[in-house]
Number of protein chains: 2
Amino acid sequence: MSNSQMVELTLLEPDGSESAVPCCPPITAGELSVADAEKMAAMFKALSDPVRLRLFSKVASHAGGEACVCDISDVGVSQPTVSHHLKKLKDAGLLTSERRGTWVYYSVEPSVVAAMSAMLDLRN
Amino acid sequence: MSNSQMVELTLLEPDGSESAVPCCPPITAGELSVADAEKMAAMFKALSDPVRLRLFSKVASHAGGEACVCDISDVGVSQPTVSHHLKKLKDAGLLTSERRGTWVYYSVEPSVVAAMSAMLDLRN
């Protein structure tokens with residue numbers, strides 16, 4: 001597979017610096033490496049909970065692709081549980097957050113979501 | 001959202017019959033319903049384990065999109081564990097299987113994988 005078929009992902013290193021790593025090849029391109037499988041499995045795991053998936057869709061579908069935590073908390077669970085789920089999505093790289101004044105605003109990280117979509121695109 | 005934007009998925013009913021249901025809208029289309037979120041979360045959960053994801057990529061990348069269980073078992077876990085993971089992928093609708101002679105052959109279910117990819121396609 002040529003490098004042009006790889007999807008570039010920007011991930012945070014443990015020290016907080018950014019590194020652009022190619023991740024991951026389409027699922028049809030060949031056997032996944034152990035490292036790529038662990039990376040992608042963690043992203044899929046972030047979307048493997050119905051409440052977390054609904055919170056993610058609320059952010060993704062919000063005007064401007066950004067939502068205040070105050071706008072997306074009505075998913076039938078407590079505020080600490082909402083915060084826990086948003087942290088998991090952020091830890092997996094699917095959301096970023098920014099505090100502005102009283103509220104924290106969440107945005108979808110498009111490159112990470114695009115990588116997941118491309119990986120499952122059987123036309124690749 | 002118009003019906004033409006929905007991805008058609010064929011799912012097995014509990015009685016074993018097939019039903020074509022529209023699932024699921026792109027993540028950017030609006031808030032996911034509870035039912036759609038549960039359906040999609042179960043599919044993402046199937047890919048949330050690194051060994052399961054590697055087995056899935058082995059089937060998807062095999063010649064003809066089909067692999068004998070005898071061809072894909074070298075992922076560093078025992079045969080019963082391989083069987084357990086393949087069953088999870090099958091239960092989630094991502095793989096189908098067919099016994100021919102001694103061996104069971106697994107194939108990717110393209111409509112289900114395409115639905116997952118389309119759901120995460122931010123261009124939708």
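Rounded to the nearest 20 Debye, what is the dipole magnitude of the stretch A:65-124 about its Cα centre when Lys and Arg each give +1 and Asp and Glu each give -1 at the C-beta?
140
Name all residues of the stretch B:58-77 having a backbone nitrogen under 18 Å from the label point set 7 Å from the Cα of B:Val104 along its Cα→Cβ direction, giving them as ranges.
So the set is B:58-60, B:66-77.
Just to confirm a number: summing +1 for Lys and Arg and -1 for Asp and Glu over residues other than A:Leu122 whose beta-carbon lies under 14 angstrom from that of A:Leu122, what do you get?
Around A:Leu122, the surrounding residues sum to -3.
Could you give me the ³J(HN,Hα) list for the stretch B:84-92, computed from phi with Karplus coefficients 6.51, -1.76, 1.60 and θ = phi - 60°, whole Hz, x at Gly and Pro?
Once rounded to whole Hz, the list reads 4, 5, 5, 5, 4, 5, 5, 4, 7.
Using the Cβ atoms and a cut-off under 9 Å, what net charge is assigned to the surroundings of B:Cys24, where Lys and Arg are +1 and Asp and Glu are -1?
Charge balance near B:Cys24 sits at 0.
Could you pull the copy-to-copy label distances for A:Thr96, with points set 7 Å along Cα to Cβ, in nm to one decimal and sorted shortest first?
Here the equivalent label points are 4.2 nm apart from this one.
All other residues with a Cβ under 11 Å from the Cβ of A:Lys88 taken together, and with Lys, Arg as +1 and Asp, Glu as -1, what is their net charge? Could the numbers behind the result be given before it?
Values: positive: A:Lys45, A:Arg52, A:Lys87, A:Lys90; negative: A:Asp49, A:Asp91.
With Lys, Arg at +1 and Asp, Glu at -1, the net is +2.
Rule-based calculations on the coordinates, nothing more; no lab input. Please read all numbers here as calculations on a predicted model, not as lab measurements. Using ideal geometry, Cβ is built from the backbone for each residue, glycine included, and neighbour counts are taken over all protein chains shown.
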